[in-house]
Amino acid sequence: MLKTKTIAIANQKGGVGKTTTAINLASALGILDQKVLLVDADPQANASSGLGVETISSKSLLKLFDEHGKTSEQIIQTHSPNLDLIPSSIKLADLEINNKSGNVYKLKNALDEIKSNYDYLIIDCSPSLGYISINSFVAADSILIPVQCEYLAMEGLNKLLKTIKEIKANFNKTLDIEGLLITMYDKRLKHNRHIIGELKQYFEDLVFNTIIKRNVSLSEAPSFGTNIFDYKIESEGSDDYLNLSRELLTNRNAMKKTTQILGKNIHQIMDDNNKSVTLETPKRKNHLKHFEPFDIKKKNYNKLKGLTKEEVIKSLGLVYNDIHSDTWMYRVSDRATVFRKNFLYLSFVNNQVQNIELRRFRRG
């Protein structure tokens, strides 16, 4: 028996069909007799409302980031067969900005409590690459990337692939790419066919054979709080997502391995786009051995110098920073007012804090 597989659906570029894919892939897998849990990790909560679940529900993903939140108590049974949901909350946006723990394993640990009850866990990620998305990537076995069939899609894709490489290097050694899913395809447009050819040439077997075509019913279904199968089973969108789920199951049963392809393409992308990005912890002397360690209460920020990104996260959290960025910002004032805020800026070079600057901003 195959163990539970957790797939995060992510792309920080909006409007690529990410939530549409999360809802309909999860529903299609349930129709094919797989037990599925859909985790809505996007503060916009579109996957929750798209399945007819009120976002003011007492059950919420937010509670999984609470020390006392029990995972099984946040699960809602949906109207779709074999599909359960952990709904989102707009308050996740506050957690993204104000979280203090910076624990990137929080979601993984919470989902591990109930993972064995399902065949698939599908995580609908936030379009931003912040704290909650990082938690989602750490919790996932693989990432499915919807790519809109247009030229601008590659820009956002490269940024996402850099983040995946960093998560894989630092926090989730087994993280893989499930595949690139081409969405919003219009066969009438010549450039759409050209983009498909380029994606398949560049990413080879990582591109799903199934292509999600433009379909009005796919965009209409969420407004009725349901998936494409309940809304219009005879539509082309219904066929596409059933085909995608069958392809995913076939790949899994055949134990398709993309590690070699992933390594080849990610390495090439990184070399082509940003050779300076690295996550490997450099060999260095233990600079804290003979010195007092950093303490947020003592405000000895100079002690952060030389720390790696992972070490900074343990001390200050990730908050609203992107892990792939080399400049991080934290609000560090004891008392925040509308007139004055203190911000700490950390600049990284080769994955170590090189420069530290404390700035004060005034408004009005």
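Throughout, read-outs are computed from the coordinates displayed, never taken from laboratory work. These numbers were taken from a predicted model, which means no experiment stands behind them. Please note: Cβ atoms are built from the backbone with ideal geometry, for glycine as well, and neighbour counts cover all protein chains shown.
So which GluC sites (Glu not before Pro) in the stretch 26-116 pass both tests, a DSSP loop state and at most 16 other Cβ atoms within 10 Å of the Cβ? Intermediate results must be reported in sequence, preceding the final value.
On the way: sites: Glu54, Glu67, Glu73, Glu96, Glu113; in loops: Glu54, Glu67, Glu113.
Of the GluC sites (Glu not before Pro), the ones in loops of the stretch 26-116 whose Cβ has at most 16 other Cβ atoms within 10 Å are Glu54, Glu67, Glu113.
Between the alpha-carbon centers of the stretch 192-215 and the stretch 1-49, tell me the distance in whole angstrom.
The two parts, judged by their Cα centres, are 20 Å apart.
Give me the net charge of Thr19's neighbourhood, meaning all other residues with Cβ under 12 Å from the Cβ of Thr19; Lys, Arg count +1, Asp, Glu -1.
Here the count lands on -2.
At a threshold of 8 angstrom on Cα-Cα distance, excluding pairs fewer than six apart, so keeping six or more, what relative contact order does the stretch 5-273 reach in percent?
On the way: 496 pairs, mean separation 64.4, N = 269.
Relative contact order here is 24 percent.
So which GluC sites (Glu not before Pro) in the stretch 175-234 end up in coil per DSSP with only 11 or fewer other C-beta atoms within 10 Å? Mind dumping the intermediate values first?
Values: sites: Glu178, Glu198, Glu204, Glu220, Glu234; in loops: Glu234.
Those satisfying the criteria are Glu234.
DSSP loop trypsin sites (Lys or Arg not before Pro) in the stretch 18-113 with at most 10 other Cβ atoms within 10 Å of their Cβ, which ones?
Details: sites: Lys18, Lys35, Lys59, Lys63, Lys70, Lys91, Lys100, Lys106, Lys108; in loops: Lys35, Lys59, Lys70, Lys91, Lys100.
Here the sparse-neighbourhood loop sites are Lys100.
Suppose each label sits 7 Å from its Cα in the direction of the beta carbon; what would the Asn355-Asn300 distance come out to in nanometres?
2.5
Under a plain spin-label model, where a point goes 7 Å from the Cα along Cα-to-Cβ, how far apart in nm are Lys91 and Glu198?
4.5
So what is the relative contact order of the stretch 38-165, in percent, for Cα pairs below 8 Å that sit 6 or more residues apart? Write down the numbers at each step before the final one.
Values: 162 pairs, mean separation 36.6, N = 128.
Relative contact order here is 29 percent.
Filter the cross-link list Lys3/Lys108; Lys106/Lys168; Lys165/Lys305 down to pairs whose alpha-carbon distance in this structure exceeds 19 Å. Please list the in-between numbers first.
Numbers: Lys3/Lys108 15 Å; Lys106/Lys168 17 Å; Lys165/Lys305 24 Å.
Violating the 19 Å Cα-Cα cut-off are Lys165/Lys305.
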